[in-house]
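All remarks here apply to the structure that follows.
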Amino acid sequence: VAQGLEAIRTRVERESGGAIKVHIIGFAKFIGDVSEGARAVLTLFGVSIVITALLVWNYAGRWKLAAAPIVCSLVAVVWQLGALTALGYGIDPFSILVPFLVFAIGVSHGVQKICTFRNEVFKGQDGPTAARAAFMQLIVPGIVALMTDTVGFITMLVIKIPTIQELAITASLGVSVIAITNFFLLPLLLSYLRLPDSYATWVAGRREKGDAWWRKLAYGMKPRPSMVIIVLGLALGIWGERTASRIHIGDTQAGRPELRPGSRYNLDTTLIASKFSISADVMSVIVETVPNGSVDHEVVTLMDEFEGRLLQVPGVQSVMSLPSITKIYNTYFNEGSLKWRILPRNQPALAQAASPIETGSGFLNADASVMPIMIFLTDHKAETLRAVTDAVKAFAAAHPSPKANFLLASGPAGVMAATNEVVEAAEKPILYWVFGAVIALCLITFRSVQATLCIVVPLAIVNYLAYALMVYLGIGLKTSTLPMVALGVGIGVDYGIYIFARLQTALKAGEYFEDAMFAALRDAGAAVVFTGLTLAIGVSTWVFSSLKFQSDMGLLLTFMFLVNMVGAIILLPAMARWFWRHHTGRTAVPFPMRR
């Protein structure tokens, strides 16, 4: 349909020599533009995979070693899509990017395994033994990280919006599949690899440069510098929390939020709204009344008063209802005199004026017991929708009537208003569930309050900073951006878990803190930095999507990948240094297992 409409537009404008301009709005055209943008996202998906594969190859140094995590991650995506189909689900524009997130999570865990695998090979182990050792070393932190991801995604089911619930199922199913591909298929593939002696020399040369930086960071992280880092991090978190309180619930710009402001559809919508008293942003208030309410003077007068009240609300362009049309027809039955543009008190006269309005008009049902009131808005910004819904609620509360009940709301703008209310109600619970799951799993795994704080505090700070970024970029909290909280936390927690697991192992083995932190950063930290940069570069391509909400998702995920990585590399060691400040080269104390 959308292609046919575009063909008509092109033909009319061409044949008129530009004298006639055609502007098209409506559901069919909108869906066509969204579908076209969604197909373009598949291209960006392919570009992201290629970029990620090249970066992994550059990191691994051998194409066979790099191909193993890429292949396993792609297999996870294929299994995810197959499982969704078997369960009766599909991929819509809101969840079309989830397969790449599954691919990204798979690569993140896979890079940790190939790093550990080659370290074991350099110790003299053969392929099967090295793969088994990598599996044993990473099974606990890897499973905990994937469980945290899965639980975090499942928490999105508390949001009673079908698109978000389907996204939660899609994401959690994909992460569950990664547990199979990364902990069973990947070790099997690695066990068949043989790395030449020259490869060890090449890796040693590259690691020598990185080790100097890691050594400087680990041994320079004294209690005083670490406290400065902690204070700065907490200050950023407090600033982010205060800024985040100004975030808008819903859209902050005019036009369809799924499309960019400069898209043809949004430009047509803006022009039509400016030239005429109609728009694509329609909210319908449903009036439940007694049978034959259309000829009840008390009911239609109350509806007419409601219409007049709504016309005074900023953002309301026009209102159409059965009473307003009835008044127009009443003038026709009275020689067109404007003084008769009223609602007749006499029931037969009122019935005569309302008789031309049929049920097919959408302004009443068969027995006139339900009569919608259509409200045309200038836009669907969050403040506009809130002002209208508040006005409807205030009018209904101030004018109780046994014959008329004003109910919110249907129509595109009505659905948006209801969605905004659901998102606002779910914002806090989803944060509590996500961070509650992370805290619980970290406590169970590491059995240390200090360890849990080292992992969770950086995540919380990054979460508030992401909200602050949304405030300054004018991105509202809505169905497309709210899931980014769970997705960003779910992926970011992997960084901290891998680093702290390696740190804990070294401390429990009796190493001094400086040596233990150096080993953790050299082994897990290098992979975390590479993974954070790789995923950020890959997901940043989404910013160029023609779909606005997917561009926003790409921007937020890029920010969260990068800043979570920085938090795991800088803030986590600083907090650990302070908590275990006596575990130095001069005085070693046992690693605290329980608090």
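The values are calculated or read from the model by the stated rules, or taken from the named source; none is laboratory data. All values reported here derive from a predicted model rather than from experimental measurement. A quick note on method: Cβ atoms are made from the backbone with ideal geometry, for glycine too, and the neighbour counts reach across all protein chains shown. For accessibility, only protein heavy atoms count, side chains too; no ligands or nucleic acids. Shrake-Rupley method; radii C 1.70, N 1.55, O 1.52, S 1.80 Å.
Some points to look at:
- Checked against (1) touching a residue at least 40 places away in the same chain (Cβ under 8 Å); (2) out of contact with any Pro (no Cβ under 7 Å at 6 or more places or on another chain), residue 253 meets all criteria but (2).
- Single unsatisfied condition, residue 363 versus (1) part of a loop (DSSP other than H, G, I, E, B); (2) touching a residue at least 24 places away in the same chain (Cβ under 8 Å); (3) more than 24 Å from residue 397 (Cβ to Cβ); (4) open to solvent by 20 Å² or more (accessible area, probe 1.4 Å): (4)
- Residues located in the stretch 516-544, provided they are over 20 Å from residue 138 (Cα atoms) and either among the acidic types (Asp, Glu) or open to solvent by 10 Å² or more (accessible area, probe 1.4 Å) (or both): 533, 537, 540, 541, 543, 544
- Complete set of residues in the stretch 33-50 that are among the aliphatic types (A, V, I, L, M) and either closer than 15 Å to residue 96 by Cα or touching a Ser or Thr at 6+ places or on another chain (Cβ under 7 Å) (or both): 34, 38, 40, 41, 42, 44, 47, 49
- Residue 462 meets the conditions (1) more than 22 Å from the chain's Cα centre (by Cα); (2) surrounded by 21 or more Cβ atoms within 10 Å (Cβ to Cβ); (3) within 30 Å of residue 508 (Cα to Cα) in every case but one. The failed one is (1).
- Among the helices (runs of 4 or more DSSP H) confined to the stretch 145-228, the ones with at least 3 residues that are more than 18 Å from residue 117 (Cα to Cα) are located at 162-180, 197-220.
- Taking the numbered list (1) more than 25 Å from the chain's Cα centre (by Cα); (2) among the polar types (S, T, N, Q); (3) in a helix (DSSP H, G or I); (4) at pLDDT below 80 in turn, residue 116 passes all entries but (4).
- Condition check for residue 133: small (Gly, Ala, Ser), open to solvent by 10 Å² or more (accessible area, probe 1.4 Å), in a helix (DSSP H, G or I) and touching a Leu at 6+ places or on another chain (Cβ under 9 Å): no
- Sole exception among (1) open to solvent by 50 Å² or more (accessible area, probe 1.4 Å); (2) outside any strand (DSSP E or B) for residue 288, by number: (2)
- Among residues of the stretch 265-285, those that are among the hydroxyl-bearing types (Ser, Thr, Tyr) and in a helix (DSSP H, G or I), counted: 4
- Contacts under 8 angstrom Cβ, first residue in the stretch 128-157 being hydroxyl-bearing (Ser, Thr, Tyr), partner assigned to a helix (DSSP H, G or I) and open to solvent by 20 Å² or more (accessible area, probe 1.4 Å), 6 or more apart: 148/441; 150/176; 155/433
Results for (1) surrounded by 18 or more Cβ atoms within 10 Å (Cβ to Cβ); (2) closer than 24 Å to residue 520 by Cα, shown as yes or no for each residue.
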| position | (1), (2) |
| --- | --- |
| 183 | yes, yes |
| 187 | yes, yes |
| 190 | yes, yes |
| 194 | no, no |
| 198 | no, no |
| 204 | no, yes |
| 209 | no, yes |
| 214 | yes, yes |
| 222 | no, yes |
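- Among the residues examined, residue 124 qualifies as surrounded by fewer than 24 Cβ atoms within 10 Å (Cβ to Cβ) and on the phi > 0 side of the Ramachandran plot.
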